[in-house]
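Read the structure below first, then the notes.
The values are calculated or read from the model by the stated rules, or taken from the named source; none is laboratory data. Quick caveat, the model's predicted, so the values are computed rather than measured. Here the Cβ positions follow ideal geometry from the backbone for every residue, glycine too, while neighbour counts run over all protein chains shown.
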Amino acid sequence: MKRFFPIFLILSFHVTFSQTYFLTADRIFDGENVHTGWGILVEGNKIASAGPVSTISVPAQAIKINYPNSTLLPGLIEGHSHLFLYPYNITDWDTQVLKETDSYRTVRATVQAKNTLMAGFTTARDLGTEGAGYSDVALKRAINEGIVPGPRLLVAGRAIVSTGSYGPKGYDYDQQIMLGAETADGNDLIRVTRDQIGKGVDIVKVYADYRWGNHNETMPTFSLEELKLIVETAKSSGRPVVAHASTAEGMLRAILAGVETIEHGDGGTPEVYRLMKEKNISLCPTLAATESIGQYRGWKKGSNPEPEAIKKKKASFKLAIESGVTLLAGGDVGVFAHGENVLELELMVEYGLSPLAVLTSATLVNAKAFHLEEQLGSLKKGLKADIIIVSGDPTKTVSDLRKVKFVMKDGVIYRQEK
Ligand SMILES: [Zn+2]
């Protein structure tokens, strides 16, 4: 009996991939614009046509899918996730990093990946396992092989931090404490960057600043020269470097070193944003992480005054919008629950962007920033069939993205509500 199992698997995949679907909705957001009267023809794992229904010849065998009062969009792209973390109000970060085994964390990550996909996020850039080694490389493989459902992943493995800066902190020096990322300094950064590449990362992530100031304030970590070493080494393998940075100086060094995206950016100034725009470096503001941590510390949104961190975040986000820097959609999800990814998009609207601009960030803009726009992020003939349908109209009310009815990734349906 066992011998026949693989054959069954191959057959069932074959059947799935040869399927043809014709999808329609009240409105279709194609990654940039909203259309009515459009349809999407999916053949196998690709979009065969996208446009006005009258222009598409629908094969007789096509399975027709439509929901009342619905919006069809490209699969959403999560710009900053940590699939190996879960909300800190359930288990604090130190405990997750230090006490939970990689095996346990991987089991959790498979469920967290599934929740992400079911929420309509068909691609995610996962920026560090925080102590779970290269388990993200393995998770990505298992998803690609169809073993577990999850978003298409770009992974960063362990990520790189400077000696002395990163946590967990505050333990007796007699003990060797495992950190949430890999330390390296000076010329050793070349070896560590290459080692991470060899172990399968798609992206090299570096922490350009961290809370290691004299009063625990955030201060730059690596020198400009060190950051340049990382970028140069990663670049020769064709990989981008992305930087965690929230001080103006940390951001500036990362920009000058040639990173592609800056994560968080709380302390961004008009000058820093101007330079980012000039050098085509995108900002991933992770508003939802700041909000979630504020709430874990007791802030009751709506009834208590806003904590300083939120006020600062709102002000710098406003400056970022005014500067015209490219804004990515990525919430640092993992700090808050996987599957709640839409929270970041809701906050981007709350903090001043239009719903349409936010939807564009979460699809086409993220796809471009991650060098995926030839494959996904919009609805065009030849692109991968990553498609979601939600109830309502998220182009006006972004929270309607929570009303997911249908999720297709690579032409395979993962969620189909009645
Ligand atoms: Zn993060």
- Note on the structure: Those residues of the stretch 120-141 which are under 18 Å from Ala337 (Cβ atoms) and surrounded by fewer than 24 Cβ atoms within 10 Å (Cβ to Cβ) amount to Glu130
- Message: Can you confirm whether Thr95 is assigned by TED's automatic domain parsing to the domain that holds Ala362 and in contact with an Asp or Glu (Cβ under 8 Å, 6 or more places away or on another chain)?
- Response: no
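Yes or no, residue by residue, for (1) within 16 Å of the ligand (Cβ to nearest atom); (2) touching a Lys or Arg at 6+ places or on another chain (Cβ under 8 Å); (3) more than 24 Å from Leu287 (Cβ to Cβ):
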residue	(1), (2), (3)
Asp202	yes, yes, yes
Ala208	yes, yes, no
Lys228	no, no, yes
Val231	no, no, yes
Ala234	no, no, yes
- Message: Return the residues of the stretch 120-159 that are more than 13 Å from the chain's Cα centre (by Cα) and under 20 Å from Gly377 (Cβ atoms); say none if nothing qualifies.
- Response: Lys140, Ile143, Asn144
- Which of the residues that make up the stretch 50-104 are within 16 Å of the ligand (Cβ to nearest atom), out of contact with any Lys or Arg (no Cβ under 9 Å at 6 or more places or on another chain) and among the charged types (D, E, K, R)? Asp92
- Note on the structure: Apart from one, (1) more than 16 Å from the ligand (Cβ to nearest atom); (2) buried (at least 18 other Cβ atoms within 10 Å of the Cβ) all hold for Ile160; the odd one out is (1)
- Note on the structure: Cβ pairs under 6 Å, 6+ apart or interchain, first in the stretch 352-364 and assigned by TED's automatic domain parsing to the domain that holds Ser282, second aromatic (Phe, Trp, Tyr), ordered by first then second residue, are Leu359/Phe29
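Rundown of residues vs (1) in a helix (DSSP H, G or I); (2) away from the ligand (no atom under 16 Å from the Cβ), yes/no style:
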residue: Val242; (1), (2): no, no
residue: Glu249; (1), (2): yes, yes
residue: Leu256; (1), (2): yes, yes
residue: Val259; (1), (2): no, no
residue: Ile262; (1), (2): no, no
residue: Gly267; (1), (2): no, yes
residue: Glu271; (1), (2): yes, yes
residue: Leu283; (1), (2): no, no
residue: Ser292; (1), (2): yes, no
- Just give me the residues in the stretch 386-409 being among the hydroxyl-bearing types (Ser, Thr, Tyr) and part of a strand (DSSP E or B), in sequence order. Ser391
- Note on the structure: Of the candidates Val342, Val325, the one satisfying the condition of being touching a residue at least 60 places away in the same chain (Cβ under 8 Å) and away from the ligand (no atom under 16 Å from the Cβ) is Val342
- Could you run through the stretch 166-209 and say how many residues are more than 22 Å from Asp136 (Cβ to Cβ), more than 21 Å from the chain's Cα centre (by Cα) and surrounded by 13 or more Cβ atoms within 10 Å (Cβ to Cβ)? 5
- Residue check for Ala309: within 15 Å of the ligand (Cβ to nearest atom) and either among the hydrophobic types (A, V, I, L, M, F, W, C) or part of a helix (DSSP H, G or I) (or both): no
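Those residues that are among the hydrophobic types (A, V, I, L, M, F, W, C) and surrounded by 21 or more Cβ atoms within 10 Å (Cβ to Cβ), I need them from the stretch 23-47; list them, please.
Across the stretch 23-47, the qualifying residues are Leu23, Ala25, Ile28, Phe29, Trp38, Ile40, Leu41, Val42, Ile47.
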- Looking for whichever is among the hydroxyl-bearing types (Ser, Thr, Tyr), closer than 24 Å to Ile310 by Cβ and free of Cβ contacts under 8 Å to residues at least 60 places away in the same chain here; the options are Ser165, Ser237, Ser246, Ser223. Which one fits? Ser246
